[in-house]
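Chemist: Handing you this structure, nothing more for now.
A short reminder: the numbers here are calculations on the coordinates, not readings from a lab. Quick caveat, the model's predicted, so the values are computed rather than measured. FYI the Cβ positions are ideal-geometry reconstructions off the backbone, even for glycines, and counts take in every protein chain you see.
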Amino acid sequence: MTSVKQFLFFFLACFTGVCLQAASPERKTMQIGGYEREYLCYVPDQATFGSASQLNGIIVYLHGLNSKMSDCFDERHLERIADSLHYIILSPQALPEQDQKVISTAELAGMILPSLKFSLNAVWSCGLKVKAEIEILAGLQVRLLEEELNKNVDDVGFISSMIDFTKAAYPLAHEAIFLIGTSMGGYMSYQYALISGKKLSGIIPIVGSMGLNIRATDAQIKLPVCDFHSLTDEVVPYYGTVRQSGYTVSLAWNKEDVIDFWVNKNGITADPVIEDVHYYPSTNGITVQKITYPDPVNEVIHYRLNGSGHSYFFEKANGDCMDHVEECMKFISRHAPGMLGDVEQVSSESGTLYPNPVDNILRFEKPEAGTVDIFDPAGKLMYSDSFRSGQLNVSFLKRGLYFVRVQGEAQRYVTKLIKQ
């Protein structure tokens, strides 16, 4: 098992800018559902991590409408996560729309209403139905478009086969599978979670939503969710529908309904924790509110963005108050099994945290800016976040033994904690 020392190096590398040797994604193909499907497979160079290293799991990246599988590396640079946490990345390519009727109807709608003009060169079968109505007279509306995209393509089966093939080809230390989807890829991550979520450790939809025709909403599934969406998204509207003078276009569920759906699906009853995000000094006026519905296993996190457009990707180098890659990494680390390593090897520093045992509020003797992580005895990360105060509310933890890791400039330690 990866030692604590090794893990700390991997984790800190992403945040301190350590440059790890880059690997190259390999293009792969498979025949499934009557189609030849292709995807990119990125495996971190194991030589970078030493002979004792292991691959910890798989991240599946799902691109947006009319985008390419290479966007994962060319635009999002998610290899930073793979290199730091030692994950394989799989980035599949969506097919063009396969139903000529849908293509023709969409083209006709675009001719009548130019704002509906869009191509269908890469489309996920995610239950996304485009519903558009135009007002021709006061109170009289005509429906221009009501079509579900690529409804007869089995993308869930393709993604599952890709994951299973990769697991057979590469020995993984843990059964950790995460989906990250942007835009229409976010729709696909929600759809996959409802149908095959038992394969997953969590999903991270970014500026995506749940389609009007999403399937299996009655599925008995609980799953950690980390959702990013902007109130000012001009492509996938936050509230699901765009209403302009003379026409209405519906594309998705209202995002508030999406979050409530998963909170209820996960059986979360605790009140949400709301915070304004200021992880880095903001210079562009874009704001982020983080809303956490706490649960020790299946939490739901929603980052409500304001001022950013649909394609905007947060990076601290841009003067943003947060970094998308870093927030994805925190979530993955929190819900991936075995990320602490051998907890028996950690050294305890009594007196750094108090009271211990703790009821609700945990205090730090020497508070400083950094990160705090809480693990259960099996090494599963239960909580992780940036830390800039002298106390932490741990009321969401169940009674029992935990390990707390604090990482700052002046101190780094792991200590035992009893929650009463």
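Chemist: When only Cα pairs under 8 Å and 6 or more residues apart are kept, what is the percent relative contact order across the stretch 100-148?
Modeler: Over the stretch 100-148, the number comes to 31 percent.
Chemist: Can you give the net charge of the other residues whose Cβ lies under 13 Å from the Cβ of residue 189, counting K and R as +1 and D and E as -1? Don't skip to the end; give the middle numbers.
Modeler: On the way: positive: 199; negative: 155, 227.
So the environment of residue 189 carries a net charge of -1.
Chemist: Right, next: What does the charge count near residue 146 come to, summing +1 for each Lys or Arg and -1 for each Asp or Glu among other residues with Cβ under 14 Å from its Cβ?
Modeler: Result for the local shell: +1.
Chemist: Figure the gain on full extension for residue 28 and residue 352 (residue separation times 0.36 nm, minus the Cα-Cα span) and round it to one decimal in nm.
Modeler: Additional length available on full extension: 111.6 nm.
Chemist: In addition: Quick check: net charge around residue 255, other residues with Cβ under 15 Å of its Cβ, Lys/Arg +1 and Asp/Glu -1?
Modeler: Numbers: positive: 290, 304; negative: 227, 233, 234, 256, 257, 260.
Neighbourhood net charge equals -4.
Chemist: Under a point spin-label approximation (7 Å from Cα along Cα-to-Cβ), what is the residue 111-residue 311 distance to one decimal in nm?
Modeler: 2.8
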